[in-house]
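What follows is a set of notes on a single structure, which appears directly below.
The values are calculated or read from the model by the stated rules, or taken from the named source; none is laboratory data. It should be emphasised that the depicted structure is a prediction, and the values quoted were computed from it without experimental measurement. Note that we place each Cβ from the backbone using ideal geometry, even for glycine, and neighbour counts take in every protein chain shown.
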């Protein structure tokens, strides 16, 4: 254990520690209030453990897994098909890592296959992102053949209607609710995209669409993830699926398949935020529950948090003052503040108007910065009143809050804009199939193919489109907010159709050969 801790690291620990749930039967001292179990403090109120505290693992599984069974859970089918992941062999304790993985599969009610799905290295080669044949890439075809049964089982599992990954308890105070890794899920999507292009290269458009449609189905299912990491994985999967759909559509001449593609993209639900952070919120309170019962572990928790180290570090006397504040704080007051902030944060994400949402997020971040400034100026003295120490700990919650809501909205807006580009890209192929060429303007797509042509989400203006003999440009540029910095504007300008990306890849490859 390191002997020095940064101010931000310790402050973040306090943000977790002071929210700890001791439960009705747990009390640090006669002067320290006992935590009251309620929706405003512990967020979940049942089920209870034998000592009268909330069983947060069971509570999470009941909430996130409501209505899900082994038979209708797509995640159960995938983990049954995958086998024991190869990456576990590189863990510090491979046997312990394997045992933990088997706990997850047991919670899912499945037994993993004997063989494992490997990591997808094929994805790094652009040749696999377009239709290809066995004669062109025999080694890649051989690798796909070796895992064919697992990929087919994955496609079948993704036809199930529900998605739920259960959590298991751990002995780690920094993360008491353990969730399985998404590595194999990402690998499956990569392999299916590559195999889809292989089928297209071999002339089987139906099989190609079956695989790539499965990647789109994965996005719809994993949108129900309840943690920030899982949610971001789903967003990344959406971009991958849309890129594959655009590239496949460029080569498909079957109207039924193109119409199915159009329906798949058009009917994809928007990314919800009502479930997002459910797991993160419960995990944070569970962390505090463990530490509140054993306050001497707070430094151990500091070691487990991945927090950027600032310049200033706490002295021994300052660490004692922080510990005193943690012990004296009223957890009911602090947890109420934590849950109020969580509710406020979710409400900001749910604001439909983009400008109004950004303004609310900026105000939220301003209050956070003000709270952080108060914290950094002066730690509470050891002789401060319990009320002062409680307020300081409540301020910690404001100062160490999560990713700015504006940043998360940017992620979802980008995913939505890529979906819009994909919708128009498929519609363009349908128009070309009917008329022999791409239209001069996007207006020609409505109402014959699309009820209305999607616009640039960021400006409200039409997307930029230019038709050529056998290809086209389609992209959005800039944002409606001129106050956005140049980096943000440049990110939006990169939202282009796959036809443009393909030409850029071809030009780059040609430069290498010259």
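Looking at residue 447, is it crowded, with 20+ Cβ neighbours inside 10 Å, under 27 Å from residue 263 (Cα atoms) and without any contact (Cβ under 8 Å) to a residue 40 or more places away in the chain?
No.
Please indicate, with yes or no, whether at least one residue in the range 63-76 is farther than 17 Å from residue 189 by Cβ, surrounded by fewer than 16 Cβ atoms within 10 Å (Cβ to Cβ) and in contact with a strand residue (DSSP E or B) (Cβ under 6 Å, 6 or more places away or on another chain).
The answer is yes; a qualifying residue exists.
Out of (1) surrounded by fewer than 20 Cβ atoms within 10 Å (Cβ to Cβ); (2) closer than 17 Å to residue 268 by Cα, what's the single condition that is false for residue 473?
(2)
Looking at (1) without any contact (Cβ under 8 Å) to a residue 40 or more places away in the chain; (2) on the phi < 0 side of the Ramachandran plot, which is the one condition that is false for residue 203?
(2)
Test residue 46 against the stated conditions and say whether it is over 30 Å from residue 191 (Cβ atoms) and under 23 Å from the mean Cα position of the chain (by Cα).
No; evaluated as a whole, the condition is false for this residue.
From the list 81, 97, 74, exactly one residue is at pLDDT below 90, touching a helix residue (DSSP H, G or I) at 6+ places or on another chain (Cβ under 6 Å) and over 17 Å from residue 282 (Cα atoms). Which is it?
Just a single option satisfies the conditions, and that option is 97.
Could you look through the range 117-135, keep only residues that are surrounded by fewer than 18 Cβ atoms within 10 Å (Cβ to Cβ) and over 23 Å from the mean Cα position of the chain (by Cα), and pick out the one that is nearest to residue 198 (Cα to Cα)?
133
Being touching a residue at least 12 places away in the same chain (Cβ under 8 Å) and within 19 Å of residue 170 (Cβ to Cβ): is that true of residue 105 here?
It is true that residue 105 is touching a residue at least 12 places away in the same chain (Cβ under 8 Å) and within 19 Å of residue 170 (Cβ to Cβ).
Would you mind stating whether residue 81 is within 23 Å of residue 217 (Cα to Cα) and assigned by TED's automatic domain parsing to the domain that holds residue 169?
yes
Please go through the range 351-399 and give me each residue that is under 23 Å from residue 278 (Cβ atoms) and exposed (fewer than 12 other Cβ atoms within 10 Å of the Cβ), ordered by number.
If the condition is that a residue be under 23 Å from residue 278 (Cβ atoms) and exposed (fewer than 12 other Cβ atoms within 10 Å of the Cβ), then 352 is the only one that fits.
One line per residue, one yes/no per condition, for (1) under 30 Å from residue 327 (Cα atoms); (2) crowded, with 24+ Cβ neighbours inside 10 Å; (3) out of contact with any helix residue (DSSP H, G or I) (no Cβ under 9 Å at 6 or more places or on another chain); (4) in contact (Cβ under 8 Å) with a residue 40 or more places away in the chain:
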{"site": "242", "(1), (2), (3), (4)": "no, yes, no, yes"}
{"site": "245", "(1), (2), (3), (4)": "no, yes, no, yes"}
{"site": "251", "(1), (2), (3), (4)": "no, no, no, yes"}
{"site": "255", "(1), (2), (3), (4)": "no, no, no, yes"}
{"site": "259", "(1), (2), (3), (4)": "no, no, no, yes"}
{"site": "264", "(1), (2), (3), (4)": "no, no, no, yes"}
{"site": "269", "(1), (2), (3), (4)": "no, no, no, yes"}
{"site": "272", "(1), (2), (3), (4)": "no, no, yes, yes"}
{"site": "278", "(1), (2), (3), (4)": "yes, no, no, yes"}
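Kindly list the number of the only condition in (1) in contact (Cβ under 8 Å) with a residue 40 or more places away in the chain; (2) under 27 Å from residue 316 (Cα atoms); (3) under 27 Å from the mean Cα position of the chain (by Cα) that fails for residue 425.
Only one criterion in (1) in contact (Cβ under 8 Å) with a residue 40 or more places away in the chain; (2) under 27 Å from residue 316 (Cα atoms); (3) under 27 Å from the mean Cα position of the chain (by Cα) is unmet by residue 425, namely (2).
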